[in-house]
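**Q** First the structure, which I've put down as structure tokens, then a few questions once you've had a look.
Just so it is clear, none of the values below were taken in a lab; they were calculated from the coordinates. Since we're looking at a predicted model, the values are computed, not measured.
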Amino acid sequence: MSSNVNGIDRIVRVVIAIVAVALAAALGFGTVGSWILLAVAAIMLVTAAVGFCPLYRLLGVSTKHAQA
């Protein structure tokens, strides 16, 4: 499992996770929508932490070596 997520992509994923948790809180944590948002937040945080995105692997995408 090689890294396929660069630093900027990791930061964006953390921001998305924070926004998803905030929206889940706004909806109320007992709703189906909030559970979906919390799942999205968890996936974003895990992929940001480990630097690997399985969906990127399936699609053949890598932002690791992208030049800005």
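**Q** Just for the Cα atoms in the chain, what are the lengths along the principal axes, largest first, rounded to whole Å?
**A** Each principal axis gives a Cα extent; for the chain these are 40, 23, 16 Å.
**Q** Which far-off residues, 5 or more places away or on another chain, put their amide H under 5 Å from the one on residue 6, with H placed in the peptide plane?
**A** Here 63, 64 satisfy the definition.
**Q** Can you tell me the 0 to 90 degree angle between the C-alpha axis of helix 32-50 and the longest principal axis of the chain, rounded to 10?
**A** In the chain, helix 32-50 runs at an angle near 30 degrees to the longest axis.
**Q** Per DSSP H run of n ≥ 4, the term is -39500 (n - 2.57); total these for the chain, divide by its residue number, and report the mean residue ellipticity at 222 nm rounded to 500 deg cm²/dmol.
**A** It lands at -22000 deg cm²/dmol.
**Q** Note the angle between two axes, namely the Cα long axis of helix 7-27 and the longest principal axis of the Cα atoms of the chain, as a number of degrees from 0 to 90, rounded to the nearest 10.
**A** 10
**Q** Per 0.36 nm of contour for each residue apart, how much would the distance between residue 55 and residue 2 grow if the chain were fully extended, relative to their Cα-Cα spacing?
**A** Result for the pair: 17.8 nm of gain on full extension.
**Q** Using θ = phi - 60° and the Karplus relation 6.51 cos²θ - 1.76 cosθ + 1.60, list the HN-Hα couplings for the stretch 56-62 in order, rounded to whole Hz, with x at every Gly or Pro.
**A** Karplus values, whole Hz, x for Gly and Pro: 4, 4, 4, 8, x, 9, 8.
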